[in-house]
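Asker: Just dropping this structure here.
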């Protein structure tokens, strides 16, 4: 999947959970879900479930623990889609 398409899909998924709109408007691969976007851990679980549904993939506990930034989410999604 093309990087820009993946970022666009992730933006749609995380929009309802974002607490820092300014950080969201400047979203990049380095954006941290918790630190930058102020997404709490319960909502991070919701995002992970939404990612599984959107991309029709299954994320293991290790994958979930590593989804901290937009880049890490993209890497894990790409890996799962390639498998």
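Since every read-out is calculated from the coordinates, none of them should be taken as a lab result. Please read these numbers as outputs of a predicted model, since none were measured by experiment. Cβ placement follows ideal geometry from the backbone for every residue including glycine, while neighbour counts extend to all protein chains displayed.
Asker: For a footprinting-style exposure proxy, rank 68, 59 by other Cβ within 10 Å, fewest first.
Answerer: By the 10 Å Cβ count, ascending, the order reads 68, 59.
Asker: A further question on this structure: Report the gain in length on full extension from residue 65 to residue 42: 0.36 nm times residue separation, minus Cα-Cα distance, nm rounded to one decimal.
Answerer: 7.0 nm
Asker: Next question, about the same structure. For P(r) over Cα pairs in 5 Å bins from 0, in percent, one of (i) 3, 14, 28, 28, 16, 7, 3, 1, 0; (ii) 3, 15, 31, 28, 17, 5, 1, 0; (iii) 3, 12, 13, 11, 9, 8, 7, 6, 5, 6, 4, 4, 4, 3, 2, 1, 1, 1 was computed from the structure I shared and the rest are decoys. Which label?
Answerer: The value matching this structure is (ii).
Asker: Please work out how much length the chain gains when fully extended from residue 78 to residue 58, using 0.36 nm per residue of separation minus the C-alpha to C-alpha distance, in nm with one decimal.
Answerer: The residue 78-residue 58 span can extend by a further 6.0 nm.
Asker: Also, I was wondering about something else. Please give the helix 41-55 orientation as an angle from the longest Cα principal axis of the chain, in degrees from 0 to 90, rounded to the nearest 10.
Answerer: Once rounded, the angle reads 40 degrees.
Asker: Still on this structure, I have one more. Give, in nm to one decimal, the length gained when the segment between residue 34 and residue 21 is fully stretched (0.36 nm per residue of separation minus the Cα-Cα distance).
Answerer: Length gained, residue 34 through residue 21: 3.4 nm.
Asker: Return the whole-Å distance between the Cα centroid of region 60-83 and the Cα centroid of region 1-51.
Answerer: Cα centroid of region 60-83 versus Cα centroid of region 1-51: 13 Å apart.
Asker: Give me the angle, in degrees from 0 to 90, between the Cα long axis of helix 3-14 and the longest principal axis of the Cα atoms of the chain, rounded to the nearest 10.
Answerer: Taking the Cα atoms of the chain, the angle to 3-14 is about 60 degrees.
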